[in-house]
Amino acid sequence: MAVGSVKGRASRSAPLPAAGRWLRSRPALGLLLAGVLSAAPLQAVERWSCRNELEVLCDGETCRASARGEFTPLSVRFDTAGRYAVCAYSGCWEGVARLVRQDQLWLLSQPKAAWLGPAGASPAYSRLVILFDRVDRMALLKVEAFQLPLRCGTVGDLAADD
């Protein structure tokens, strides 16, 4: 009877490619390779935190700005996985955005950013855009009426958390 056949019928499983047969014949090497791959460091997620020093609110006709001390700053956080949290007075827009990176410029966009806060304080979903310059550590945020310049730092950086 031929190898890979059962009572004269050919086996339905496909033969292993040469590399697979070679690795299977050396189980210790396979375990070593699995250990090395599992121990390989994953690329760290880079996290950023931003604050606004002035508040700009715009409607369809006009914009008005408030200086520091006349408003409560928003907390804006995002990372290289596209996760974001933009927290205002009574709740947050949170989720995962589409992230496009070109050199040191990042664009996070989410056409349906979920509002996690009291109903009526904001629509259930809003358009959200964050444009970030990693070199200057500055960002621009657009969500609902907010059109904000932001000063940013990596999470834990005192410059962003003061």
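Kindly list the residues of the range 125-158 that lie in the label zone of ASP103, defined by a backbone N under 16 Å from the point 7 Å along the Cα-to-C-beta vector. The answer is 132-138. Relative to the current alpha-carbon distance between VAL45 and GLU61, full extension at 0.36 nm per residue lengthens the span by 1.8 nm. The convex hull defined by the C-alpha atoms of the range 47-161 has an orientation-averaged projected area of 7.2 nm². Extension gain, TYR125 to GLU70, is 17.1 nm, computed as 0.36 nm per intervening residue step minus the present C-alpha separation.
All of the numbers you see were taken from the coordinates with simple rules; none came from a lab. Keep in mind it's a predicted model, so treat the numbers as computed, not measured. Cβ atoms come from the backbone with ideal geometry, glycine included; neighbour counts cover every protein chain shown.
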